[in-house]
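Inspection log for the structure reproduced underneath, given as structure tokens.
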Amino acid sequence: MITTAGKRIALPLLLACACLSACSTPEAKDTGAATPEVAKTGHVPTSVAISIAQMKFNPDTVTIQQGDTLIFTNNDVVDHDATALPDSAWTSGPLKPGDSWKVVPGASTEYFCSIHVVMRGDIVVE
Ligand SMILES: [Cu+2]
């Protein structure tokens, strides 16, 4: 009696499980194929904001992953720039108050404001 009742419940359960796994398998494959970079590195590229205010980069040191974007925004009342050290591998050029500028640093670097050379920052690319 108990065995028969168990089989009656077990069969629909088995069918439900078989359907669920059959339905979910192609979905998982699609996700993997659509985002190969994420699957490989485990990192979704993101953006990190750096505010320029009161003659400082804030934060002045950022740690990012390869492929991440830095967005510099001049929130000060005078022009500034962001320029890679030591060889100006990249530079924003002058940023007026309110201006923003993006860069995807390829490697760790120090940088400064070439207009106010005491303004410095550090980018660590992991
Ligand atoms: Cu400056």
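Conditions tested, residue by residue: (1) buried (at least 19 other Cβ atoms within 10 Å of the Cβ); (2) touching a Phe, Trp or Tyr at 6+ places or on another chain (Cβ under 8 Å); (3) in the same structural domain as Ile52 (by TED's automatic domain parsing).
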position	(1), (2), (3)
Val77	no, no, yes
Asp81	yes, no, yes
Ser88	no, no, yes
Ala107	no, no, yes
Ser114	no, no, yes
Arg120	no, yes, yes
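Across the range 44-62, the qualifying residues are those that are surrounded by 13 or more Cβ atoms within 10 Å (Cβ to Cβ) and among the small types (Gly, Ala, Ser), and the one among them that is farthest from the ligand (Cβ to nearest atom) is Ala49. What is the number of the single condition among (1) surrounded by fewer than 14 Cβ atoms within 10 Å (Cβ to Cβ); (2) more than 15 Å from the ligand (Cβ to nearest atom); (3) in contact (Cβ under 8 Å) with a residue 60 or more places away in the chain that Gln65 does not meet? It is condition (1) that Gln65 fails. Inside the range 78-110, can you point out the residues that are touching a residue at least 40 places away in the same chain (Cβ under 8 Å) and within 16 Å of the ligand (Cβ to nearest atom)? Leu95 - this is the single residue of the range 78-110 that is touching a residue at least 40 places away in the same chain (Cβ under 8 Å) and within 16 Å of the ligand (Cβ to nearest atom).
The values are calculated or read from the model by the stated rules, or taken from the named source; none is laboratory data. Small disclaimer: the values here were computed from a predicted structure and weren't measured. Counting neighbours? That spans all protein chains shown, and the Cβs are built from the backbone with ideal geometry, glycine included.
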